[in-house]
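**Q** Below are the structure tokens for one structure; questions will follow.
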Amino acid sequence: MRVLIVEDDQKVAAFIRKGLEQECYAVDLAYDGAEGATLLEESDYDIAILDMFLPKMTGLQVLRKTRQRKPRLPVLVLTCRDTVEDMVAALDAGADDYLAKPFVFAELTARLRALLRRGDRSVTTYRIADLTLDTAQRRVTRSGRKIELSTKEFALLEFLLRHAGCTVTRTNIIEHVWDIHFDNVSNVVDVYVKYLRDKIDKEFSPSLIHTVRGVGYRLTDDNDAVA
């Protein structure tokens, strides 16, 4: 999952980023409203965390602008004030949820998971053949055997499972598993796919991760469907 944090307090932003990266999110940061609005317009995010009081553009202005282009993007608003008026203003502008500072990090992540469960993201457990990934427990098993994955390996496998049966390009993977500072010239996607294959395919049958030559990868248990 790729998340954008728009927060002018760099200590708060760094705190949230560190915690979310440990939860397998790919995280981008913006420190003012104008930068945040630009990133939201130009990049593909799964969810956004938006402070209400920002320099250059307020959080409400960013939110209204974003809703014109991306009406379904889940947005969690943060604010140092928790008045009813502020909450109503944020929700009326298009926020999906609202959290007052200071907050407990566990509550923030719980709210993010709740937002991501809505609509098309209601699934928390993914299965294909004898492979199971549980996003809530951060647990992966194949044939009943627990498989230990690194943070990036887990995020990559989750992305492939969310698009099981479909071919995903390296660019698709980079946009959702790595952050904006990723060097897309490197072969890190292919390296991590190999790591995954060694863990979930090498000792099992059938093979699930397939290379679509010249395009990207496909996760499927139907070998005949792979070009």
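**Q** Pick out the one residue from R113, R145, R67 that is of a type in the set (D, E, K, R), in the same structural domain as D44 (by TED's automatic domain parsing) and at pLDDT 90 or above.
**A** R67
**Q** Taking the stated definitions as given, is A136 surrounded by fewer than 16 Cβ atoms within 10 Å (Cβ to Cβ), aliphatic (A, V, I, L, M) and in contact with a helix residue (DSSP H, G or I) (Cβ under 8 Å, 6 or more places away or on another chain)?
**A** Answer is yes for this residue.
Quick grid of which residues meet (1) within 16 Å of A13 (Cα to Cα); (2) under 19 Å from the mean Cα position of the chain (by Cα):
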| residue | (1), (2) |
| --- | --- |
| P74 | no, yes |
| V77 | yes, yes |
| E85 | no, no |
| V104 | yes, no |
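**Q** Restricting the first residue to the stretch 81-106 and requiring it to be over 13 Å from F53 (Cα atoms) and free of Cβ contacts under 8 Å to residues at least 24 places away in the same chain, which pairs with a second residue that is among the charged types (D, E, K, R) and surrounded by 14 or more Cβ atoms within 10 Å (Cβ to Cβ) meet a Cβ separation below 6 Å and a spacing of at least six or different chains?
**A** From the stretch 81-106, the pairs are D97/R111.
**Q** Another question, then. Has the stretch 205-213 got at least one residue that is at pLDDT 95 or above and among the basic types (K, R)?
**A** No, the conditions are met nowhere in the stretch 205-213.
**Q** Can you tell me which residue in the stretch 107-122 is surrounded by the most Cβ atoms within 10 Å (Cβ to Cβ), limited to those that are of a type in the set (A, V, I, L, M) and in contact (Cβ under 8 Å) with a residue 12 or more places away in the chain?
**A** L112
**Q** Same structure, new question: Has the stretch 82-99 got any residue that is at pLDDT 90 or above, surrounded by 13 or more Cβ atoms within 10 Å (Cβ to Cβ) and farther than 28 Å from A136 by Cβ?
**A** No.
**Q** Another question about this same structure. On the given criteria, is K18 out of contact with any Leu (no Cβ under 7 Å at 6 or more places or on another chain), outside any loop (DSSP other than H, G, I, E, B), under 23 Å from F105 (Cβ atoms) and outside the structural domain of L160 (by TED's automatic domain parsing)?
**A** Answer is yes for this residue.
**Q** Criterion first (in contact (Cβ under 8 Å) with a residue 24 or more places away in the chain and in contact with a Phe, Trp or Tyr (Cβ under 9 Å, 6 or more places away or on another chain)) does T58 satisfy it?
**A** no
**Q** So, restricting to strands (runs of 3 or more DSSP E) that lie completely within the stretch 41-143, which ones have at least 1 residues that are of a type in the set (D, E)?
**A** 47-51, 97-100, 131-134
**Q** For the stretch 72-81, which residues satisfy the criterion of being surrounded by fewer than 17 Cβ atoms within 10 Å (Cβ to Cβ) and either under 20 Å from G36 (Cα atoms) or not assigned by TED's automatic domain parsing to the domain that holds F105 (or both)?
**A** R72, C80
**Q** Within the stretch 1-20, work out how many residues are surrounded by fewer than 21 Cβ atoms within 10 Å (Cβ to Cβ) and more than 13 Å from the chain's Cα centre (by Cα).
**A** The total comes to 10.
The values are calculated or read from the model by the stated rules, or taken from the named source; none is laboratory data. Since we're looking at a predicted model, the values are computed, not measured. Note: ideal-geometry Cβ built from the backbone for every residue, glycine included; neighbour counts use all protein chains shown.
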